[in-house]
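These notes are about the structure you will find just below.
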Amino acid sequence: MSTSPSVSLPGETMRRSFMRHRRPSATSELTSIVNKTRRKSNIASQNSPTKTKTKAIVTEIPTHSTMDSASKTPSGNQISNFGFAFDIDGVLMQKSTPIPGASECLRYLHDKEIPFILLTNGGGKTESARIQDLSEKLKVPLTLDNFVQAHTPFRTLEHLKGKTILVTGGDPIKCREISKSYGFKSVVIPGDLHVHHRSIWPFHYYPLDDAYRPEDYADDLPKPVREPGVDTEDTLKIDAIFVFNDPRDWALDIQIITDLLISRQGYLGTRSNKNGDKSLPNAGWQQDGQPQIYFSHQDLHWSTGYHMPRLGQGAFQGALCGVWDLMTKGKPLVKTTIGKPHAETYFYAERVIHHYRKLVLGEEGDRSNKLKRVWMVGDNTNSDIKGANDFSGKSSAQWPSMLVRTGVWHPERDGEPNPKPTAGIFDDVMHAVKYALEFETKELGKEGKDGWTDF
Ligand SMILES: [Mg+2]
């Protein structure tokens, strides 16, 4: 088991549990993968309840019943002991347009110094570029201190920053740029390999050939791809594979990724003689120092401008696993997936919101007024809601989950949400925030303190 490297959040260095598990034993990884593959998509096919007004459906964490027991309704401003985590697509934004009420919500929280973070499984742009774009569209100042994309935690993988990595995603050139902004120095994308070795994926067709023009696309390879008869030590070795967001060229990417997963120690163009050796764990597959593969999330679907959910990175992951299953005669792909709903991302997010609280409230404000709740507002039951429901952080803060109707979950198509949001289903982010503020105001009222009644 590896030791924990340091974690760099904007403005400080922290330790985190994600890296503590960055390279688990083969047994624990396999157990994890088996368990993950048993988690089926929970998108139900039966009919669902008709749309209603804002409604809480679970009563364990903040509910209407506990709100009703409050003895006093305060007014005015107050230092908050709670915060919000907002998903973006389907909650704050629909494609590139703000969802009605989203700007007003963030503006109010910003003005009242109520900490919030944007916690998205999206990505494909640098955090600074995405923040600038969202700040302009949502008309509220956002910073690196309250923004977590799916691939943001990759910046903590210090042990790989001096190695050579393969990165793919929606726009591989941007994904290379992002990974370099995280400190990875030697980054190869599938297009580099395709440009320098057209035969690595021998099907030539538009737009692949047009997109992968060497003059404006590819970087030089750090070392040449191994060819027969060449000393392996002088050839390209990949030490880790990253899927930053939704790949476009699935076929090229799956070819190159599987080439690496069957290689000897990550040397592209080689094949491990341990593959298929039944005397070894996992029948010898991924037992010869091949690069570890990291996915930034596993969302099967996501919400866009189209009227039905579209396939996301989880679909690519499923396709790769399907090919791997055929290649290995049923052996599981050993992989690491972060992003919502995985706890690693919520640990990271909770650290970000603690850090952000200190910036907003000051050290004393944070110390004297411990964080009690982070309201997770999302549109995806399998990522936003499941992640918040399952999460048990290092602080005692609760993560009540709130499902909105403006995104990927649709009651008529998907049926009752599974898992259920602990705080309820809401028409949109505006109704969700209003509910949370009313709850927190009642809570403060019990202590004779003021709350937030002007939203
Ligand atoms: Mg979403």
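Key figures
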| item | result |
| --- | --- |
| Within segment 85-108, considering residues that are in a loop (DSSP other than H, G, I, E, B) and more than 10 Å from the ligand (Cβ to nearest atom), the one surrounded by the most Cβ atoms within 10 Å (Cβ to Cβ) | ILE99 |
| Some residue of segment 65-72 being within 16 Å of the ligand (Cβ to nearest atom) and at pLDDT below 90 | no |
| In segment 340-378, the residues that are within 16 Å of the ligand (Cβ to nearest atom), among the β-branched types (Val, Ile, Thr) and part of a helix (DSSP H, G or I) | THR345 |
| Lone unmet requirement of (1) more than 30 Å from PHE455 (Cβ to Cβ); (2) surrounded by 16 or more Cβ atoms within 10 Å (Cβ to Cβ); (3) assigned by TED's automatic domain parsing to the domain that holds ASN369; (4) of a type outside the set (Val, Ile, Thr) for ALA129 | (2) |
| Residue satisfying condition, being at pLDDT below 95 and either in contact with a strand residue (DSSP E or B) (Cβ under 7 Å, 6 or more places away or on another chain) or buried (at least 22 other Cβ atoms within 10 Å of the Cβ) (or both), within set GLY424, GLY451 | GLY451 |
| Complete set of residues in segment 109-136 that are part of a helix (DSSP H, G or I) and within 16 Å of the ligand (Cβ to nearest atom) | ARG130, LEU134 |
| Count of segment 403-431 residues which are in contact with an Asp or Glu (Cβ under 9 Å, 6 or more places away or on another chain) and within 16 Å of the ligand (Cβ to nearest atom) | 9 |
| Restricting segment 289-307 to residues that are under 17 Å from THR97 (Cα atoms) and away from the ligand (no atom under 12 Å from the Cβ), the residue that is surrounded by the fewest Cβ atoms within 10 Å (Cβ to Cβ) | HIS307 |
| Scan of segment 409-452 for residues that are assigned to a helix (DSSP H, G or I) and among the acidic types (Asp, Glu), ordered by number | GLU412, ASP414, GLU438, GLU440, GLU443 |
| Test for PRO228: is it over 30 Å from the mean Cα position of the chain (by Cα), of a type outside the set (Phe, Trp, Tyr) and modelled with pLDDT of 85 or more | yes |
| Where GLY339 falls short, out of the listed (1) more than 30 Å from GLN255 (Cβ to Cβ); (2) in contact (Cβ under 8 Å) with a residue 60 or more places away in the chain | (1) |
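The values are calculated or read from the model by the stated rules, or taken from the named source; none is laboratory data. Since the structure is predicted, the reported quantities are computational estimates derived from the model, not experimental observations. Note: ideal-geometry Cβ built from the backbone for every residue, glycine included; neighbour counts use all protein chains shown.
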